[in-house]
1. Counting only protein heavy atoms and a 1.4 Å probe, tell me what percentage of the protein assembly as shown's accessible area is made up of carbon and sulfur.
2. Please state, as a whole number in µm²/s, the translational diffusion coefficient that the Stokes-Einstein equation yields for chain B at 20 °C and 1.002 mPa s, with Rh defined as the Kirkwood radius across alpha carbon pairs.
3. Tell me the relative contact order for chain B as a rounded percent, counting alpha carbon contacts under 8 Å between residues six or more apart.
4. Under the classification rounded if a/c is under 1.5, otherwise prolate if a/b is larger than b/c and oblate if not, where does region B:135-256 fall, given a ≥ b ≥ c as square roots of the Cα gyration tensor eigenvalues?
5. Report the net charge of residues surrounding A:G101, where surrounding means a beta-carbon distance below 10 angstrom and charges are Lys +1, Arg +1, Asp -1, Glu -1.
6. Using 0.36 nm times the number of residues separating B:A145 and B:Q427, minus their current alpha carbon distance, what extension gain do you get?
7. Taking the 0 to 90 degree range and rounding to the nearest ten, how far is the long axis of helix B:177-192 tilted relative to the main principal axis of chain B, both from C-alpha atoms?
8. Apply the a/c threshold of 1.5 to the C-alpha gyration tensor of region B:53-112 and tell me whether it is rounded, prolate or oblate.
Amino acid sequence: MTQQYQYGSETFTIQLELLSDGSYLARIGEREIRFYAQQNLNGQWLIQHQGKQIPLYTASEDDRRYVQVNGTHYTLEAVDTRKRRRGSSGSSGDLTAQMPGQVVDVLVETGATVEKGQTLLILEAMKMEIRVSVPMAGEVKVIHVSAGDVVERGQVLIEVG
Amino acid sequence: MLKKCLIANRGEIAVRILQACRELGIVSVAVYSSVDEQARHVQLADEAYFIGSAPPSQSYLNIDTLLQVAHEAECDCVHPGYGFLSESEVFAKAVLDAGLTWVGPPPSAIEQMGVKTQARTLMQDAGVPVVPGFQSESATHEQFADAGDSIGYPLMVKAAGGGGGKGIRIVYSADDLIPAIESARNEAQKAFGDARIFLERYIESARHIEIQVLADSHGNTVHLFERECSTQRRHQKIIEESPSPFITPDMRDAMGQAAVDAAQAVGYVNAGTVEFIVTPDRDFYFLEMNTRLQVEHPVTELVTGLDLVKLQFQVASGETLSFTQADLSQQGHAIECRLYAEDARNNFLPAIGTVLQFIPPQGAGIRVDSGIQSGDEISIHYDPMIAKLIIFDRDRNSAIQRTLQALEETVILGTTTNLDFLQALLQSEVFREGEIHTRYIDEHLEALLPDMPELDEWALIGTMLHDLKTPQLASISGDITNDGDVFSPWSRADGFRIGGAS
């Protein structure tokens, strides 16, 4: 089975096969790595490779993959190769929430002309005020939220075109 | 001894208080908001009551609801923890008026230390050194200008009615003084409804070193030594330790005595902390007093061998302290790291989400205080703290090594944390030399922030294993077998047959 994952700004491809003797063969680029792996009841993996044991922890939510191995944590995203991945920013003119929070105030109305860098919305989270501004000039097409709404990370707040 | 306690808080401090209650035979009553129904503090308490929806104003800050629960549950005392209503003299008075015991200081002490200008004056009268400054409710611009000249620049304009970074301005020259005062007043008015400000000398490369105090209701006040809390970012503490690598034994005695004097000046009872600002020349000045238990109290517990929360209940029950100042000593070294769900590379914005897996480190000298378990959500409404990791070892270097080892073993999946930032801080030369001051991190953040690590090929392999093992994820790549189970014998491509040669 082959899969692509994004880490930071890079995409990595990996192929993994279960062999007849119960070991695995991983192919990453030119490298081939053969190892054994078991998973215990807690979901922890134990890799056995060249006489060494490597504990490994994994978890996932939606596209995100979380791993801890060799004392370091990594967050990757599964790249869906079958269909075009739904981008987290939608079309270029959309304002999305960078983090979950609550809308304090919407500063514009539908149809308003806005300038690049203009603050359109104020979010509040963790007692901090986040001013959400538009990266390019345009016209406010659709406002999806109003003061008091609780929003999630990645949620589209205002569409600007 | 008190019999039944309402714990007016949540998260790790509620769990901490619960432990003391269990050990003292006090029945514990927890409260929870709608998002905390499955939280650890609720599960561990003897009884739990729902108090409202997630926003603190509708739950953990709602005095009426809390008193109602205390009454219904027939509690005889209330422990406010830290944050929330712990320094609200209104709440403290209401608890006392309801005939319950407040596990904390008298409301008058909370009130006196609550207004900074009032606290400064009190301290000056008590002979406790305060930061050279100037305060006057009716000063003219000229008088402020004169005061500015005598304090010297740079100086700080600070709000009298509150903290948290609001209403503070640093002024570098006399020309900027009046505009800074106006601006600070505006901000203070909006944040605290109190436009009063005062001036204070701005001390560069300062350290924040605080002294734990404890007083019973029979006139005995002791100090439990210092905690060095200078590893801060934007006035938020990240790492605390004891002993401080900077202060001398003479300073310790002098600061300890000053802290005791400060506590006695306001008739303090129970546990509290006196904060000092310490200059590079080793002068110290009273900054403020926190009239409650603090987040970093475990650091003191580990070096003194005392249980501060149990002592709080004992004092509140009317017991006399069983030790004198002469009986107390510091042993070994303790370091506390605050593990937060925040993205250090994105301006430390909270990284809210589900903690899919949390495996804290274990072992000798490793203590973890946490209210979070695997599966918990980190909510936007509360502090995104996952856990406090408090390490104890024989000396500072050993404690640093042990902390690094413990951080390496810590597993936290599902959200971004400051774990690698903590590791970078502990490995930095400035920390090892004990030379961090309160503005150090802010001034050197770029250099301290670790780069995103290169992807370990085992991490990539582990991710793939995870997806292979989960059939619905395995279908992402389009390689699905009949039933989606890649471990099924039907999906083997190697000619395997039971009982026959393959």
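The values are calculated or read from the model by the stated rules, or taken from the named source; none is laboratory data. Nothing here was measured: the structure is a model prediction, and the numbers come from that model. So basically every Cβ, Gly included, is an ideal-geometry build from the backbone, and we count neighbours across all protein chains shown. SASA here: full protein model, heavy atoms, side chains in, ligands and nucleic acids out. Shrake-Rupley method; radii C 1.70, N 1.55, O 1.52, S 1.80 Å.
1. Details: 13370 of 29580 Å².
Solvent-exposed carbon and sulfur of the protein assembly as shown make up 45 percent of the total.
2. Numbers: Rh = 25.0 Å.
The estimated diffusion coefficient comes to 86 µm²/s.
3. Working: 979 pairs, mean separation 65.3, N = 502.
Answer for chain B is 13 percent.
4. Numbers: a/c = 2.05, a/b = 1.82, b/c = 1.13.
The shape class here is prolate.
5. Details: positive: A:R153; negative: A:E124, A:E129, A:D149, A:E152.
Neighbourhood net charge equals -3.
6. Details: separation 282, 0.36 × 282 = 101.52 nm, distance 4.47 nm.
Working it through step by step, the gained length comes to 97.1 nm.
7. 60
8. Details: a/c = 2.00, a/b = 1.15, b/c = 1.74.
Since a/c reaches 1.5 but b/c is at least a/b, the shape of region B:53-112 is classed as oblate.
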